[in-house]
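Reviewing the structure listed below.
The values are calculated or read from the model by the stated rules, or taken from the named source; none is laboratory data. Since this is a predicted model, take the numbers as computed values, not measurements. So basically every Cβ, Gly included, is an ideal-geometry build from the backbone, and we count neighbours across all protein chains shown.
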Amino acid sequence: MVNAAEAYKRQQIMTATPEALTLMLYNGCLKFMSEGMEALEKKDYEQANTSIQKAENIISEFRVTLNMDYEISHQLLPLYNYVYDRLVEGNMKSDVSKIEEAKGIITELRDAWVQAMKKARAMKGPAGNYA
């Protein structure tokens, strides 16, 4: 039987807007990077590898789902590639500084995403349509 917290989490994901899902992925990626860095500092290399690979998987998902019809996607792809490379290198060399660098970039992207979501919401009228 699935516990209540898991059921709630699953329901949140299933009913989230694409914008909210993107934010969840950014936050999850940051969480896994933090877990990976903590594990590296404790020399728990197996846990570090697992966490960092989860962050890598999220970055891979961002890369493959970019809509290249938009100019912003052409700017995001090299950033995602760079972040992915830092994660792989940090994982292979057990180098926390590489993961910290990747985390800084994703934090900035996540924060920009939050601001864009706020701006989009402010542009919508009371009925949910753009004014």
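Below, the figures for the structure above:
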{"quantity": "Filtered residue count, region 61-77, keeping only those that are of a type in the set (Ser, Thr, Tyr) and in a helix (DSSP H, G or I)", "calculated": "1"}
{"quantity": "Qualifying positions in region 1-60 - small (Gly, Ala, Ser), in a helix (DSSP H, G or I) and modelled with pLDDT under 95", "calculated": "ALA4, ALA5, ALA7, ALA20"}
{"quantity": "Selection count where residues are in a helix (DSSP H, G or I), touching a helix residue (DSSP H, G or I) at 6+ places or on another chain (Cβ under 8 Å) and of a type in the set (D, E, K, R), scope region 83-97", "calculated": "2"}
{"quantity": "Test: residue in region 110-124 that is over 20 Å from the mean Cα position of the chain (by Cα), over 20 Å from TYR26 (Cβ atoms), modelled with pLDDT under 95 and of a type outside the set (Lys, Arg)", "calculated": "yes"}
{"quantity": "Enumeration of residues in region 105-123 that are in contact (Cβ under 8 Å) with a residue 40 or more places away in the chain and among the charged types (D, E, K, R)", "calculated": "ARG110"}
{"quantity": "Selection count, region 61-92, where residues are under 14 Å from LYS103 (Cα atoms) and modelled with pLDDT under 95", "calculated": "0"}
{"quantity": "Residue in region 31-52 that is surrounded by fewer than 16 Cβ atoms within 10 Å (Cβ to Cβ) and touching a residue at least 60 places away in the same chain (Cβ under 8 Å) present", "calculated": "yes"}
{"quantity": "Matching option when the condition is within 29 Å of ARG121 (Cβ to Cβ) and of a type in the set (D, E, K, R), among LYS54, LYS43, LYS31, LYS98", "calculated": "LYS31"}
